[in-house]
1. Residues 289, 207: which one is surrounded by fewer than 19 Cβ atoms within 10 Å (Cβ to Cβ) and within 23 Å of residue 408 (Cβ to Cβ)?
2. Which of the following residues is part of a helix (DSSP H, G or I), at pLDDT 95 or above, basic (Lys, Arg) and within 30 Å of residue 23 (Cα to Cα): 199, 177?
3. Looking only at residues that are among the aliphatic types (A, V, I, L, M) and out of contact with any Lys or Arg (no Cβ under 8 Å at 6 or more places or on another chain) in the range 248-265, which one is farthest from residue 181 (Cα to Cα)?
4. Can you tell me which residue within the range 333-377, out of those that are acidic (Asp, Glu) and not in a strand (DSSP E or B), is modelled with the highest pLDDT?
5. Name the single residue that is farthest from the chain's Cα centre (by Cα) among those in the range 45-70 being assigned to a helix (DSSP H, G or I), of a type in the set (A, V, I, L, M, F, W, C) and surrounded by fewer than 24 Cβ atoms within 10 Å (Cβ to Cβ).
6. Could you say whether any residue in the range 378-386 is modelled with pLDDT of 95 or more and β-branched (Val, Ile, Thr)?
7. With respect to residue 284, is the statement that it is in a strand (DSSP E or B) and either hydrophobic (A, V, I, L, M, F, W, C) or under 24 Å from residue 245 (Cβ atoms) (or both) true?
Amino acid sequence: MGKPTGFKEFERKTPMERPVSERIRDYKEVYRPFGEDKLQNQAARCMNCGIPFCHIGCPLGNIIPEFNDLTYKGLWKRAWETLSATNNFPEFTGRLCPAPCEESCVLGINEPPVAIELIEKYIIEHAFKEGWVKPEPPETRTGKTVAVIGSGPSGLAAAQQLNRAGHAITVFERADRLGGLLRYGIPDFKLEKWVVDRRIDILRAEGITFRTSVAAGTDVSAEELKTFDAVVLAIGSTVGRDMPVLGRDLKGVHFAMEFLPLQNKAVAGDYPEPKISAKGKNVVVIGGGDTGSDCVGTSIRHGAKSVVNFELFPEPPKDRPAHQPWPYWPMKLRTSSSHREAGQDPRKYCLLTKEFEGENGHVTGVKSVDVQFTRERQTGKSNMEEIAGSEKIWKADLVLLALGFVGPERDNAVKALGVELDDRGNIKTGENYQTSVDNVFAAGDCRRGQSLIVWAISEGRETARCVDEYLMGESELPTKGPDDLPRR
């Protein structure tokens, strides 16, 4: 441990945001650069705990105290090797992960936790700058072929791991560009797409074949997929939760995942302007999660007249609630950069949408009612009640539904391959990630439901190991966890 007293000497610090007036005019990343000397001070805050609970918080089992210590000592290459032993894409998680590891940090019991996500991002960016991140094709090939359906984080992780095992990998992506949710679900101000392209170039150089604009089950048939020795479904959870209220069919009411991908396409140069624009409009975003926040930030950049964000549930507490003690993930108030761009917090809590109003077939307003929640003492069940007389009409020219996702689409590869679904509508698998079809496996959100990017990468890695065992009878690909270095 390089700095035993570091957590006493240094306060938690993270990069400053660019001024709001500047950043809402572009789609570049929000945060300013953070000096490596400052970063090493942040790494010095790691306590090298006897039991590092950050390992429990991280779905990838990242070896966090070790790469913190190596960063503090300036041993950047070893820090990168340690980080990349468990995480295929630290440049994604270092920008997008909500950092459950930090909520499990021992220092976080009574102090701000170690800035693990920030350290992770700067380790990988230092490695790219120094040229250490290079294609690593396998020395030999097994003769086995695997089709990976979907090029999101779980599909890319599975593809890279299986390619490292020596199998011939073909990734099928129905969109025109690779990256899945990373490409078309995450705004550029959170993840600029050159970061995705940089990694794709490495994967392609490692020998992975990519086929874009190819939908599994239609453009590529089930019969063709069955010619592969194994298939990995990594198609995400893309069916949006709808809101079947009066006026839902009015023009101007859209799913968030209609709105956000079109903006990303506009940034990529596909259109001069996004096909769904918030410019000059009163925007109502329904849903208070990350996707709702992304809609808020994007609408502000379009030049919306006003933006309000509905949340059905009460405002979370600012601090960790008593019933979610450390090291569990707490449901507390989190304010994103997009929320801060609105001038005043756009979130309105305990609002139930009752109806969309319109004129001439286009939405003009949203009718809401305030609600309150009560909990039954004996059962602990929470009940929602509308508050009489609290109805309100909100002006709205554009309504964006950011209500989460209910599972994978059923009419594509799921139907073509005939895999079973579970009672939640996700692809059903056993412990080895194998579906009801012998050589077909599933990974990521299509299997576990809507989740985090870090879980998607973890599932892709785990699925790859199970596929390798299926094909070869055994596997040298790693399991997650901090006790079996090296893992790559």
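1. On the way: 207 fails: within 23 Å of residue 408 (Cβ to Cβ).
Just one listed residue meets the conditions, 289.
2. 199
3. The extreme case among them is 250.
4. 341
5. Result: 70.
6. Taking every residue of the range 378-386 in turn, none turns out to be modelled with pLDDT of 95 or more and β-branched (Val, Ile, Thr).
7. Here the answer is yes, as residue 284 does meet what is asked.
Let's see how each residue does on (1) more than 16 Å from the chain's Cα centre (by Cα); (2) basic (Lys, Arg); (3) part of a loop (DSSP other than H, G, I, E, B):
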{"position": "108", "(1), (2), (3)": "yes, no, no"}
{"position": "113", "(1), (2), (3)": "yes, no, yes"}
{"position": "121", "(1), (2), (3)": "no, yes, no"}
{"position": "125", "(1), (2), (3)": "yes, no, no"}
{"position": "135", "(1), (2), (3)": "yes, no, yes"}
{"position": "143", "(1), (2), (3)": "yes, no, yes"}
{"position": "148", "(1), (2), (3)": "yes, no, no"}
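The values are calculated or read from the model by the stated rules, or taken from the named source; none is laboratory data. In this text the structure is predicted, and so the values were computed from the model without any measurement. For neighbour counting, all protein chains shown are included, and Cβ atoms are generated from backbone atoms with ideal geometry for every residue, glycine included.
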